[in-house]
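Any read-out appearing in this document is the output of simple, stated calculations on the displayed coordinates, not a laboratory observation. Being a predicted model, the structure only gives us computed values, none of them experimental. Reconstructed Cβ throughout: ideal geometry from the backbone, glycine too, with neighbour counts over all protein chains shown.
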Amino acid sequence: DERNAEVWGYLALLSLCKGWKYLADAKASMAQALSLGLDKAPLLREVATSLVAVDELLLAEDLLRRAVASAEDRAAQLRAKKSLADVLAAQNNANAAVAEYLEVLRDGTAEKDQMSEAAEKAKQLLRALGREEEAAELEAI
């Protein structure tokens, strides 16, 4: 169905799974999905993860921001925020990444492995930014 945003999203994901040769197809499919209003957070997050694997970080960031906004529950939103923080860190946007990691940590309802990974990455970035006191505050997590 050419008017179904979710179908276009899955076409983008399929194209990304086929490798670099199909990156242009994946981007075109994703553009169509977004123009049709794709708002399925799990699919957006999955496509974003595949985009990270081919170093398309700006598009991955955009999709993850959309996933955060369209998440159906807090757990899905926190998973998307954690992924967004990872992408921001990969883009060397340390301050924005720290802000996202801290939001995941402050919520307190994220899964234990997400919490520990977010805390560790936030500490590393805070130290790299020279914010030792804030990094030390995260040691208990």
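For this structure, a couple of remarks:
- 14 Å reach of a label modelled at Ser116, 7 Å along Cα-to-Cβ, counting backbone N of the stretch 122-141: 140-141
- Dimensionless Rg ratio for the chain, taking C-alpha atoms and the 2.2 N^0.38 Å reference: 1.12
- Computed helical MRE - 222 nm, the chain, DSSP H runs ≥ 4 contributing -39500 (n - 2.57), nearest 500: -24000 deg cm²/dmol
- Length gained on full extension, Lys18 to Arg106, computed as 0.36 nm times the residue gap minus the Cα-Cα distance: 27.9 nm.
- For the stretch 59-137, the gyration tensor built on C-alpha atoms gives an oblate shape. Its axis ratio a/c (a ≥ b ≥ c) is at least 1.5, and a/b is not larger than b/c.
- Residue-span extension gain [Gln91 to Lys27] - 0.36 nm each, minus C-alpha spacing: 21.1 nm
- When you restrict to C-alpha pairs under 8 Å that are six or more residues apart and normalise by the size of the chain, the relative contact order lands at 15 percent.
- Charge tally for Lys123 (other residues, Cβ to Cβ under 12 Å; Lys, Arg +1; Asp, Glu -1): -4.
- Amide N of the stretch 99-132 lying under 18 Å from the label point, which is placed 7 angstrom from the Cα of Asp73 along Cα→Cβ: 107-115
- Loop-located GluC sites (Glu not before Pro) in the stretch 86-141 whose Cβ has at most 15 other Cβ within 10 Å (DSSP): Glu111
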